[in-house]
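**Q** Here's a structure for you.
The values are calculated or read from the model by the stated rules, or taken from the named source; none is laboratory data. Because the structure is predicted, anything quoted here is derived from the model rather than measured. Quick reminder, even Gly has a Cβ in these numbers, built from the backbone with ideal geometry, and neighbours come from all protein chains shown.
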């Protein structure tokens, strides 16, 4: 990641830009479901984190993760094409994984389009493993691959209070 790229929490004023990135980079061919109001709700929700990577000129990428009792769910991860392969996505996910681990979360789950080999390879490179295919997951149109990253061993998870 470039030295001038900063990781920070999203603000309510960022909701429109993040929703547009979701529409243009993630939801292509599916219809727009992550609209500004939904992004804003996630920014304001106490059990979620909306994280951004910002350069001096633009938002390079963002991630949205919800925290549950034993696991976290990565809802969205987007990095602008010209910012990819610079460590932006990895930096966002490592920030979130560290937060989850500190919070006692045992694993992170996500879904990715089953035909998105590039994204699947990226997630595998940062310790996510393939779990199962979810037929018609995306609006009944496209299959998803669920992926999981364990943050603690099953033995450690079983010892949690």
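**Q** Evaluate the following for residue 155: is it modelled with pLDDT of 95 or more and not in a loop (DSSP other than H, G, I, E, B)?
**A** no
**Q** Within the range 42-57, can you find the residues that are surrounded by 13 or more Cβ atoms within 10 Å (Cβ to Cβ) and either at pLDDT 95 or above or within 15 Å of the chain's Cα centre (by Cα) (or both)?
**A** 42, 43, 45, 48, 49, 50, 51, 52, 53, 54
**Q** Okay, next question. Report yes if residue 136 is closer than 13 Å to residue 70 by Cα and touching a strand residue (DSSP E or B) at 6+ places or on another chain (Cβ under 7 Å), otherwise no.
**A** no
**Q** So which pairs qualify, if the first residue must be in the range 24-45 and over 16 Å from residue 144 (Cβ atoms), the second must be surrounded by fewer than 16 Cβ atoms within 10 Å (Cβ to Cβ), the Cβ gap must be under 6 Å, and the two must be at least 6 apart or on different chains?
**A** So the pair list comes out as 36/16; 40/12; 43/12.
**Q** Also: Report the residue count in the range 118-149 for those that are part of a strand (DSSP E or B) and free of Cβ contacts under 8 Å to residues at least 60 places away in the same chain.
**A** 16
**Q** Taking the stated definitions as given, is residue 3 surrounded by 14 or more Cβ atoms within 10 Å (Cβ to Cβ) and over 25 Å from residue 115 (Cβ atoms)?
**A** no
**Q** Could you say whether any residue in the range 92-105 is touching a strand residue (DSSP E or B) at 6+ places or on another chain (Cβ under 9 Å), loosely packed, with under 14 Cβ neighbours inside 10 Å and more than 30 Å from residue 32 (Cα to Cα)?
**A** yes
**Q** Moving to a separate point now. Is it the case that residue 89 is farther than 13 Å from residue 150 by Cα and crowded, with 20+ Cβ neighbours inside 10 Å?
**A** So residue 89 fits the description; yes.
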